[in-house]
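Colleague: First the structure, then my questions, so here it is.
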Amino acid sequence: MDAALIVAIIFAAVSLVNFFLYGLDKYKAKRKMWRIPEKVLLGCSLLGGAVGGTAAMFCFRHKTKHWYFWAVNMIGLAWQIALLVFLILQA
């Protein structure tokens, strides 16, 4: 299997998990329950789940007022896209 495809599948899986975590955190925030730590959400975004994190920010209107969530998601998107482009061009 091509390396770019494998990486894309990994990014998609991490993004799906990250999207779920943002949604769960929003649910818990509305109900004054124990929250998912910000470092978990940010870590997932930076380590492969930036697409899911960014989509969740729009979909759930969650963490949109925190500049560092935008920054981490944009940095994550940049390096994840760059890696995929690099792998595709190397094939």
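The values are calculated or read from the model by the stated rules, or taken from the named source; none is laboratory data. This is a predicted model, so every value here is computed, not measured. Cβ atoms come from the backbone with ideal geometry, glycine included; neighbour counts cover every protein chain shown. We work out accessible area using only protein heavy atoms, side chains counted, and drop any ligands, DNA or RNA first. Shrake-Rupley method; radii C 1.70, N 1.55, O 1.52, S 1.80 Å.
Colleague: What's the total number of residues in the stretch 66-91 that are within 25 Å of TYR27 (Cβ to Cβ) and exposed (fewer than 11 other Cβ atoms within 10 Å of the Cβ)?
Modeller: Of the residues in that region, 2 qualify.
Colleague: Related question: Name the residue that is nearest to PHE11 (Cα to Cα), counting only residues in the stretch 28-65 that are aromatic (Phe, Trp, Tyr) and either touching a residue at least 40 places away in the same chain (Cβ under 8 Å) or surrounded by fewer than 17 Cβ atoms within 10 Å (Cβ to Cβ) (or both).
Modeller: Start the filter on the stretch 28-65 by keeping residues that are aromatic (Phe, Trp, Tyr), which leaves 34, 58, 60.
If we keep only those that are either touching a residue at least 40 places away in the same chain (Cβ under 8 Å) or surrounded by fewer than 17 Cβ atoms within 10 Å (Cβ to Cβ) (or both) as well, we get 34, 58.
Values: TRP34: 27, PHE58: 19 Å.
Top of the filtered list is PHE58.
Colleague: Determine whether VAL17 is touching a Ser or Thr at 6+ places or on another chain (Cβ under 6 Å), in a helix (DSSP H, G or I) and open to solvent by 30 Å² or more (accessible area, probe 1.4 Å). Outline the logic, then answer.
Modeller: On the way: touching a Ser or Thr at 6+ places or on another chain (Cβ under 6 Å): no; in a helix (DSSP H, G or I): yes; open to solvent by 30 Å² or more (accessible area, probe 1.4 Å): yes.
When the stated conditions are applied, VAL17 does not pass them.
Colleague: Which residue pairs have Cβ atoms under 7 Å apart, sit 6 or more places apart or on different chains, and have a first residue in the stretch 2-27 that is within 9 Å of GLY53 (Cα to Cα) and a second that is in a helix (DSSP H, G or I) and hydroxyl-bearing (Ser, Thr, Tyr)?
Modeller: So the pair list comes out as ASN18/SER45.
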